[in-house]
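I have placed the structure first, in the form of structure tokens, so that the comments after it can refer back to it.
Derivation of every value follows stated rules applied to the coordinates shown; laboratory data play no part. Everything numeric in this text was worked out from a predicted model, so none of it was measured. Methodologically, a virtual Cβ is constructed for each residue, glycine included, from the backbone with ideal geometry; neighbour enumeration extends over all protein chains shown.
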Amino acid sequence: MFISEGHLPQVLPPEAYTSQKQLDLELKTVFDSVWQCVGAKNEFPRDGDFKTVQLLEHEIIIWRRGSRFQTFLNVCAHRYCTVTSESCGNAPERLRCQYHGWEFDETGNTRKIPDSPCFKPLKPGVLGLQPFRTETCGQLIFVTLSESTPSLRDFLGDTFDVIAELFHQDLFLMAATVRDVNANWKVLLENSLESYHVEECHPSTLGPLPRPERCEHVLHEAWCSLEVCYQGDRSLPILLDDFAHAWIGEKPKHRWEQINVFPNLIFIRLSMATWVEVMLPVAPGRSQSLGLAFGNAGRRGRLHGAVTRVFLKRYLINMFNQLIEEDRRAIEGVQRGLECQQRPPGGVLSAREERVFHFQEYIVSKTGCDRWDAHSASAELRAA
Ligand code: FES
Ligand SMILES: [Fe+2]
């Protein structure tokens, strides 16, 4: 069931989704001390594999060395070229700058400077790549841009062990995606925080609204969660789910499990698929979403595993892409509405949307921004 008994007001004013001032404030107060999920161990099968990511206002490079993952600013200490322009690759010994060939070791120190006598008296190891703290939880690799962020375990708190289990080492990576969306990052986030739009936007992919008694919301200071129980349903998707689990030799859970860790991390498990999404602001009306989707092929041997991988990839990736496009239409529509000069006074959230309210309260508490004066509109609705 839901926690709220009735509707709630929209807390953030429309300008909170459109102004540069608000975004600057969020970058300072909301994103200053957080961990971001930037990849999965599965993306780095060989020692020396690396990938580059645009993370907020930083270009970073994540590099596997042995069983460890290091992250550096992807900007050379010589004359600020990005060390590599590749999205991924392999550097077995050293990272080598694409411009003049400076080389850096796993600590980020310079190990080789071509034509080094011309740099006298500069010594190797003096200038290097800026490192960032990197930690893992299950399969997932997290990076923080701040020295003062608590450990990943402390940051994720009660959710750490749950996320480690959701993204356990036996899952296989189905897709790693980067998508650009013409909407404020909070519009993307809020879309993930309510099941109200499901019936209208995803009639064929997700189907009807889950009944309130099947939904369980948990609201915590730094995160919130949704669990929808499908136990007892005898619909075709559930029968297929039973069959698929019998095939891989595991017991189905018949649950949608979702955790949103504030500000911008979403972790979801549905049946044999698990995925994580990270919503990153680019501009007030533009965002980037990094996604990693995993499948569970079970442990019943190679043949079962191979067949399951093919099936899951084919079926689920199509479904994810369709879901993403269905959401995109609505999300970008919200942004266009928010940017209109004239808007109706409305702004009201149902009990089913209470996680949106909770998130908006979190933003106000972090940024100290003004609440929207829509309470009067809400009071009128209540009276009506
Ligand atoms: S900018 Fe990297 S070696 Fe010159
Ligand atoms: Fe959706």
Toy charge model, Lys and Arg Cβ at +1, Asp and Glu Cβ at -1: region 113-194 dipole around Cα centroid in debye, rounded to 20, equals 580 debye
How high is the relative contact order of the chain, in percent, counting Cα pairs under 8 Å that sit 6 or more residues apart? 23 percent
Is it possible to state the helix-based mean residue ellipticity at 222 nm for the chain, with each DSSP H run of 4+ residues giving -39500 (n - 2.57), the sum divided by total residues, to the nearest 500 deg cm²/dmol? What is it? -9000 deg cm²/dmol
Which one of 230, 315, 17 has the biggest mean-square fluctuation once the chain is modelled by GNM with Cα springs under 10 Å? 315
Taking the alpha carbon gyration tensor of region 42-148, what are the square roots of 5 times its eigenvalues, largest first, to the nearest whole Å? 24, 14, 13
What is the Cα centroid distance between region 206-278 and region 345-359, reported in whole angstrom? 21 Å
Report P(r) for region 120-191: all Cα-Cα distances, bin width 5 Å, range 0 to the bin holding the largest distance, values in whole percent. 3, 11, 14, 13, 18, 19, 8, 5, 4, 3, 1, 0
Can you give the percent of C-alpha pairs in region 173-294 whose distance is more than 17 Å? 64 percent
Under the Kirkwood approximation applied to all pairs of distinct alpha-carbon atoms, what is the hydrodynamic radius of region 242-384 in Å? 18.7 Å
Per the charge dipole of region 42-148 (beta-carbon charges, Lys/Arg positive, Asp/Glu negative, Cα centre), the residue among 71, 138, 114 reaching farthest to the positive end is 114
Taking the dipole about the Cα centre of the chain, with the C-beta of Lys and Arg at +1 and of Asp and Glu at -1, give me whichever of 30, 4, 303 is farthest to the positive side. 303
Could you identify which residue out of 253, 28, 123 has the top mean-square fluctuation in a GNM of the chain using Cα springs shorter than 10 Å? 123
Under the Karplus relation 6.51 cos²θ - 1.76 cosθ + 1.60, θ = phi - 60°, what is the ordered set of whole-Hz ³J(HN,Hα) values for region 237-245, x standing for Gly and Pro? x, 5, 5, 5, 4, 4, 5, 4, 5
Explain nothing, just the number: relative contact order of region 124-192, from Cα pairs under 8 Å at least 6 residues apart, as a whole percent. 26 percent
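If N is the number of residues in region 173-220, what value comes out of its Cα radius of gyration divided by 2.2 N^0.38 Å?
Dividing the Cα Rg of region 173-220 by 2.2 N^0.38 Å gives 1.43.
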Once you charge only the Cβ atoms, +1 for Lys and Arg and -1 for Asp and Glu, what is the size of the charge dipole of the chain about its Cα centre, to the nearest 20 debye? 1400 debye
Per the Kirkwood treatment, what hydrodynamic radius in Å, one decimal, follows for the chain from the mean inverse distance over all distinct Cα pairs? 22.8 Å
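Within the set of other residues whose C-beta is less than 14 Å from the C-beta of residue 86, count the net charge using Lys and Arg as +1 and Asp and Glu as -1.
Here the count lands on -1.
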Cα-based Rg/(2.2 N^0.38 Å) for region 78-125, rounded to two decimals, is 1.17
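Charges only on Cβ, +1 for Lys and Arg, -1 for Asp and Glu: so what's the dipole of region 42-148 about the Cα centre, in debye to the nearest 20?
340 debye
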Taking the dipole about the Cα centre of the chain, with the C-beta of Lys and Arg at +1 and of Asp and Glu at -1, give me whichever of 345, 156, 315 is farthest to the positive side. 315
Running a GNM on the chain with Cα contacts under 10 Å, which residue among 236, 166, 188 ends up with the highest mean-square fluctuation? 236
